[in-house]
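The values are calculated or read from the model by the stated rules, or taken from the named source; none is laboratory data. These numbers were taken from a predicted model, which means no experiment stands behind them. Note that we place each Cβ from the backbone using ideal geometry, even for glycine, and neighbour counts take in every protein chain shown. Keep in mind that these areas ignore ligands, DNA and RNA; they rest on the heavy atoms of the full protein, side chains included. Shrake-Rupley method; radii C 1.70, N 1.55, O 1.52, S 1.80 Å.
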Amino acid sequence: MATVLNFYEAAVDELSDGLVDLPLYPYFEIAHYIVSVLALREEPGARVLSRTSPLTCWFSSMLNCFGGALLTAILLAQPPIQLFINSDDILLASVIWYLIFYSPLDGVYRFTAMLPIKVVLSVMKEVTRSKKILSGITLAKSKYQDNLPIMISIAWAKGAGGGLLSSFDQFVRGIWIPEKNELIRMSYATRITLIGAVLFSLKEIEYLPVEKNHLMLYYTIFTGINKCWMMTTRSAFTFSSVECFLFKLFFTGDFSCCTLARKFGIFKTDNDTSKGGRVNSPGVCRNKCPSPARGGRGNRRAREEAGSRNKKHK
Amino acid sequence: MATVLNFYEAAVDELSDGLVDLPLYPYFEIAHYIVSVLALREEPGARVLSRTSPLTCWFSSMLNCFGGALLTAILLAQPPIQLFINSDDILLASVIWYLIFYSPLDGVYRFTAMLPIKVVLSVMKEVTRSKKILSGITLAKSKYQDNLPIMISIAWAKGAGGGLLSSFDQFVRGIWIPEKNELIRMSYATRITLIGAVLFSLKEIEYLPVEKNHLMLYYTIFTGINKCWMMTTRSAFTFSSVECFLFKLFFTGDFSCCTLARKFGIFKTDNDTSKGGRVNSPGVCRNKCPSPARGGRGNRRAREEAGSRNKKHK
Amino acid sequence: MATVLNFYEAAVDELSDGLVDLPLYPYFEIAHYIVSVLALREEPGARVLSRTSPLTCWFSSMLNCFGGALLTAILLAQPPIQLFINSDDILLASVIWYLIFYSPLDGVYRFTAMLPIKVVLSVMKEVTRSKKILSGITLAKSKYQDNLPIMISIAWAKGAGGGLLSSFDQFVRGIWIPEKNELIRMSYATRITLIGAVLFSLKEIEYLPVEKNHLMLYYTIFTGINKCWMMTTRSAFTFSSVECFLFKLFFTGDFSCCTLARKFGIFKTDNDTSKGGRVNSPGVCRNKCPSPARGGRGNRRAREEAGSRNKKHK
């Protein structure tokens, strides 16, 4: 028994050390760029945009690939233009953008969008996410010592910048709807990154009794498996129960959020939108709690929008 | 007679010195946070938002409480994340946010929203406003010497940041209407802060023959009484006559602004909005001159929106 | 023959040296401010805005005059407030703003809007454009050495800042439509500045076999003549053929952009807009390729909007 435990411990040690030492450049970075550009490619209107305004399409792709670095730069008041200093990264991302949008017969897109390939790439992207969260915490610590909110913010920004900047990205692509934003209706990626940022920050100020490398390994494995499962089953590993428990514990002064959500939720909003211009304030309720974490950003939203458009044309 | 004047002078000196030395932390800061969060709580949709997305609600509250510091940081290209360095302030504001939105039986909200309590808190907030304007001028002077426009801008930003950032705040809460913004249609708080910033800046470059401490005392008393009066009578102490005089003097090349406003004003705009999507350009005229300074930001806007919604449903 | 060539060369040398040494302040700067404020004055709704909210109108004018400096400051994380340090420039621009919007009998506006005057001023503005592009490249080089994308970005930002910030400007004026932005649908000025920025940057890293001063001379003459021609004939010197050739070469994986544009283009969009609220994603196609460069920003857009409004009222 002791031998088995020892063996397990040694394996975890080795794996987590390997993960920490793993160089992101170039393979994991490439996977990150491909998955980011693929997500953009699958958004409604992106393909048309790529034909009518390649510059906008390129800029939007860069926002998706380097959103974390951009948001971090803004939060720390560093020049956004500094992103261009790593010419290699920009060049690599640009080549991938070009191949995915403009390759002959759409070959590169079709290849990378195949489920097995995409799953592998997405899992690789999850590895870059953990590493980015960790680098965000290191950066925050080097500037502002052990300040918990700053560590969480920077780590979150660095890990989920593309998501948090999605409103700006939508504005660039001319499809922005001011009634929605990532904070009100967080995507799965933004959510899981926030959880990671909180966990890693708590570890940093020694509130969690886990070794740092092990925590990173566990987090990466969890997000990897979760992503894998979500993509293959097209469902989501939700935190519904935990979220709803916490929610009820802290934020229900008088009545349940769930009831409220059911009352004002999806139905109202869709009606309002189809009627005419603007979503009324109850529209924010669309983000009902417990909300199922939404999986593939592109796919799902595309389907949703397609759905609502169909309704309109009826 | 001389004794009375001497007594008056001595009293003013003492009072103004006392006001300058008054520590804001914690009581006045608390009043500022309570009034800011209350204003948010009374906006349409805020309560629903607090149930569906507590994180967004918290972020919006922080924007209302620390908008001045944030806007100043942006104007001076300082890291916005530095706001988190004063953990105590953030923690205090967060506790107040939590109590006002989620206390059992809504007790804290009901207590603080009682008119006498609210009036006292609002007057205390006016004191923090004067102090913030002054600290803005000191900050601007320390960086850019006696530059009048910079002093006015920083003092205005610091004193009325929450108001000037209200578009961003509305965007965060998902109820943003791009056709409106604080510059076009200034609220009373933004307006009075601008006047204060101009007065204090003029004093700083020795254009006003008043002592600095006295000016601060007079300004604080004026804003305090004004606020008090506005809240109790639900009307507004307007600068209409002065504004309209200045306006006619400087900005009427060919015809009166008032006529124009009456022509394009409220009626057109409401019709346009109820018809469908967007307000035409004459819609900006809604901000008619002389516009009555609008009092309670939350209350009035809520009533307006309720009104326009009713019209739609007819 | 040799004498003629020599004479030509000497003339070019002298002219280009003269252009480089030409001081912008005050005459060319004044021309730039006048043309910028005129463009704003001719936008729909601007005149009404100047009567209802002079502060907003002034702020918008400053955005148009100093957009380049502002955008450069943002990209380099320098304090935006620093724009106010050059009090003279701000004062000059403010005086021009005041004269153009509020002069008795609209005299100044009528005088400067006369075609011959406007043409001269516009050509002078083109000179400031070249100089700004060059100063942007010098600035970028002093900070980030020979980094091509950074040089292009800063030069573009400095030369066409007002255009690139036009969404923000529209937001300030309360007429912002999130579906449009300058990147998707570049104006002629933004386009020609980008070309200039690319050319000058390529020269800077010695990819172009032209002398720097000569390049500047040629570019200035080209933009000047082009502008002159555009304003007098109300048509545009387009890059359609070159653009379409490059477009087809690089960005047409499977089918022609032109066909696509014709398919989704103008008709669809107008229908969608007139129906109700929001433009669907194909709406971005309005920017059809090869798009004719749009000349006078204000005039054309005004006419377009007037047109679409008429359609609505039918």
So, in nm and shortest first, the distances from C:LEU105 to its counterparts in the other copies, with label points 7 Å along Cα→Cβ, work out as 7.5, 7.5
Write out the trypsin sites (Lys or Arg not before Pro) in segment C:135-235 meeting two conditions: DSSP loop, and at most 14 other Cβ atoms within 10 Å of their Cβ.
-> C:ARG234
Any chance you could look up the accessible area of B:ILE221 with a 1.4 Å probe, heavy atoms only, rounded to 10 Å²?
-> 80 Å²
Rounded to a whole number, the mean other protein chain Cβ count within 10 angstrom for residues of B:49-61 is 6
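Restricting to DSSP loop positions (anything but H, G, I, E, B) with no more than 14 other Cβ atoms inside 10 Å of their own Cβ, which GluC sites (Glu not before Pro) remain in segment B:148-215?
Values: sites: B:GLU179, B:GLU182, B:GLU204, B:GLU206, B:GLU211; in loops: B:GLU179, B:GLU182, B:GLU206, B:GLU211.
When the GluC sites (Glu not before Pro) of segment B:148-215 are filtered for loop state and at most 14 Cβ neighbours within 10 Å, B:GLU206, B:GLU211 remain.
Under a Cβ-Cβ cut-off of 12 Å, what is the net charge of the residues other than B:LEU121 that fall near it, where Lys and Arg count +1 and Asp and Glu count -1? If you can, show how the numbers build up before the last one.
On the way: positive: B:LYS118, B:LYS125, B:LYS227; negative: B:GLU29, B:GLU126.
Neighbour charge sum, excluding B:LEU121 itself: +1.
Quick one: what do you get for segment C:97-187 if you divide its Cα Rg by 2.2 N^0.38 Å?
Cα Rg divided by the expected 2.2 N^0.38 Å: 1.39.
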If you count, for every residue in C:175-183, the Cβ atoms of partner chains within 10 Å of its Cβ, what is the mean?
-> 6
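Can you put A:TYR102, B:TYR144, B:TYR98 in order of accessible area, largest first, using a 1.4 Å probe? It would help to have the intermediate numbers written out before the result.
Details: A:TYR102 10, B:TYR144 35, B:TYR98 70 Å².
Most to least solvent-accessible, the answer reads B:TYR98, B:TYR144, A:TYR102.
Can you give the relative contact order of segment B:25-100 as a percent, counting alpha carbon pairs under 8 Å and 6+ residues apart?
Values: 46 pairs, mean separation 30.4, N = 76.
The normalised contact order for segment B:25-100 reaches 40 percent.
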Can you list, shortest first and in nm, the gaps between the label point of A:PHE245 and those of its counterparts in the other copies, using a point 7 Å from Cα in the C-beta direction?
-> 6.8, 6.8
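Return an integer: the convex hull volume of the alpha-carbon atoms of segment C:1-84, in Å³ per residue.
Details: hull volume 13.4 nm³, N = 84.
Hull volume normalised by residue count: 159 Å³.
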One finds the C-alpha centres of segment B:173-189 and segment B:44-115 to be spaced, in Å, by 19 Å
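List, in the order given, every pair from B:LYS131/B:LYS203; A:LYS141/B:LYS158; B:LYS141/B:LYS203 whose Cα-Cα distance in the structure shown is over 23 Å. Intermediate results must be reported in sequence, preceding the final value.
Working: B:LYS131/B:LYS203 15 Å; A:LYS141/B:LYS158 28 Å; B:LYS141/B:LYS203 13 Å.
Beyond 23 Å between Cα atoms: A:LYS141/B:LYS158.
Per residue of C:64-72, how many C-beta atoms from partner chains lie within 10 Å of its own C-beta, taken as a mean?
Working: counts 0, 0, 0, 0, 0, 0, 0, 0, 1.
Mean number of neighbouring Cβ atoms from other chains: 0.
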Along Cα→Cβ at 7 Å, what distances in nm separate the A:ARG234 label point from those on the other copies, shortest first?
-> 5.6, 5.6
Net charge over other residues, Cβ less than 14 angstrom from the Cβ of A:PHE59 (K, R count +1; D, E count -1) = 0
